[in-house]
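The values are calculated or read from the model by the stated rules, or taken from the named source; none is laboratory data. Being a predicted model, the structure only gives us computed values, none of them experimental. Heads up, the Cβs are rebuilt from the backbone with ideal geometry, glycines too, and the neighbour counts pull from every protein chain shown.
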Amino acid sequence: MRVNVVTPWYPSAAHPYSGVFVRQQVEALRRLGVDVEVEVPEVFPAPEGTVPPQVTGAMSSLAESDPRAAFRRDGSVTRVPAPIPSRIGALGRARAFEELLRLRRRVDAPSFDVTHAHLGVPTGVAVMGLSEAPLVITEHQSALPRLLEDKGIRQAYRTLIERSAAFLTVSGTLRETMIEALGPVATGVEVVPNIVDFDALPPRTDRPTDFRKWLYVGTLAEHKGVGMLLDAFTRFVKRHDSGASLTLVGDGPMRPYIQTSAARRGLDRQVTLHGALPHRDVPHHLATADVLVHLSPFETFGIAAVEAIATGTPVVVRENGGSKTVWGDISSKCGRLLDRDVTADGVAEAVAQLRDHPDLLDLRAARQVLASRFSAEIVGGQLLDIYARHVR
């Protein structure tokens, strides 16, 4: 079986953590004998308006004369450059992706049994009419609730669900979001979770007891709750442990705020920002932390928390949709799942409670539960079954 995976998110030297979950699916399918080719539409920001005809003309000429120069290939991954004007919107981005993917197919027409698009908008819309192969779509973007506020995007998702062979989400929460926004058409959406690479996450041999080494892994953005995270850490330092530390792995627009705010609070020596790291470096930080704290109000899956639990590191996580449906039923074994309306004070107290009662946790049992749900073999098998149902 030959599968064409089309995704705007895939690891690269510049963005080592982007789309790691997509790459894990690709690798799991290959281990099951599936021939997988990956296409990555890469955004190149352009000024507001339309892309100048001379730019599109030059790209077409280069693609026709030398496809490999136009579409950079690295093994089985082909990157398709897509000039994207500012303020074009999600559907405008989908049309831009479609134009460049259509060009690539015109000069280098691949043949596949299945096309698997990651994200309905823009990617699913972009590839919907480009191939006669069955189309499978996986939705996992945390911005989906905001996108679905737009009438045109809601209609695009309804069309995608109706025309695709299978429409998947990575968690029950995201499926419920789609049903609420789109109505009965979304009841046929299936849940196939992200893969957790347990081989890369060996269980730690020690057991955290003092909970003074806090860790955050993710984008440094307000919508990820990092402002509340810094507030909660400040309260923990003042009330429970003046020697506590906070390590943040990731990058984003709030990095300058965190640096200046930590210094203003006298915590600059206790708050460490590592920036974006390759995914292979993350397990080390998970295994040496006492607790992962993640306070995002909405997550489609919440891979950082799941990987921490698999490693044997307790978690304190704000209920964000994904956390509840992915591991909420075993939260008592691995940490604390806090209410959505929790305050920074509540977060600090939750970590303090774990410190006072670490014997109540059973991370090894939690890992076994997660492995039964999210291992590469389990999830890869689910995808292969879905493909097989629709291959002609």
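Taking the range 351-363 as the range and being more than 19 Å from residue 328 (Cβ to Cβ) and loosely packed, with under 13 Cβ neighbours inside 10 Å as the test, the residues that pass are 356, 357, 359. The range 130-211 holds helices (runs of 4 or more DSSP H) entirely within its bounds, and those carrying 2 or more residues that are among the acidic types (Asp, Glu) map to 172-182.
Per this entry, residue 152 is counted among residues that are farther than 22 Å from residue 21 by Cα and either surrounded by fewer than 21 Cβ atoms within 10 Å (Cβ to Cβ) or among the charged types (D, E, K, R) (or both). Here the condition is being surrounded by 16 or more Cβ atoms within 10 Å (Cβ to Cβ), touching a Phe, Trp or Tyr at 6+ places or on another chain (Cβ under 8 Å) and in a strand (DSSP E or B); of 267, 277, 292, 273, it holds for 292 alone. Evaluate the following for residue 167: is it of a type in the set (Phe, Trp, Tyr), in contact with a strand residue (DSSP E or B) (Cβ under 6 Å, 6 or more places away or on another chain), in contact (Cβ under 8 Å) with a residue 40 or more places away in the chain and on the phi > 0 side of the Ramachandran plot? Taking the combined requirement at face value, the residue does not satisfy it. Considered as a group, the residues in the range 314-330 that are touching a Cys at 6+ places or on another chain (Cβ under 9 Å) and not in a strand (DSSP E or B) include one that is nearest to residue 208 (Cα to Cα), and that residue is 314.
If you go through the range 323-334 and keep only what is buried (at least 21 other Cβ atoms within 10 Å of the Cβ) and more than 15 Å from residue 299 (Cβ to Cβ), you end up with just 334. List pairs: first residue in the range 13-34 and farther than 21 Å from residue 72 by Cβ, second residue assigned to a loop (DSSP other than H, G, I, E, B) and not β-branched (Val, Ile, Thr) anywhere in the structure, Cβ distance under 7 angstrom, at least six positions apart or on different chains. From residues that are farther than 21 Å from residue 72 by Cβ, the pairs are 21/194; 24/197; 34/1. When residue 289 is tested against (1) touching a residue at least 60 places away in the same chain (Cβ under 8 Å); (2) within 24 Å of residue 142 (Cα to Cα), exactly one condition is not met: (2).
Considering only residues in the range 165-190 that are at pLDDT 95 or above and within 15 Å of the chain's Cα centre (by Cα), the one that is nearest to residue 304 (Cα to Cα) turns out to be 169. Looking at the structure I just gave you, is residue 305 assigned by TED's automatic domain parsing to the domain that holds residue 280, part of a helix (DSSP H, G or I), in contact with a strand residue (DSSP E or B) (Cβ under 6 Å, 6 or more places away or on another chain) and small (Gly, Ala, Ser)? The answer is yes for residue 305. The residues of the range 324-347 that are of a type in the set (Val, Ile, Thr) and either outside the structural domain of residue 207 (by TED's automatic domain parsing) or closer than 17 Å to residue 373 by Cβ (or both), listed by number, are 325, 326, 330. Counting only helices (runs of 4 or more DSSP H) that sit wholly inside the range 1-119, those with at least 2 residues that are of a type in the set (Gly, Ala, Ser) and under 25 Å from residue 192 (Cβ atoms) are 89-107. If you check residue 363 against the conditions, is it in contact (Cβ under 8 Å) with a residue 12 or more places away in the chain, within 21 Å of residue 311 (Cα to Cα) and in contact with a Gly (Cβ under 7 Å, 6 or more places away or on another chain)? Yes; evaluated as a whole, the condition is true for this residue.
Being surrounded by 15 or more Cβ atoms within 10 Å (Cβ to Cβ), at pLDDT 90 or above, assigned by TED's automatic domain parsing to the domain that holds residue 140 and over 22 Å from the mean Cα position of the chain (by Cα) is a property that does not hold for residue 97.
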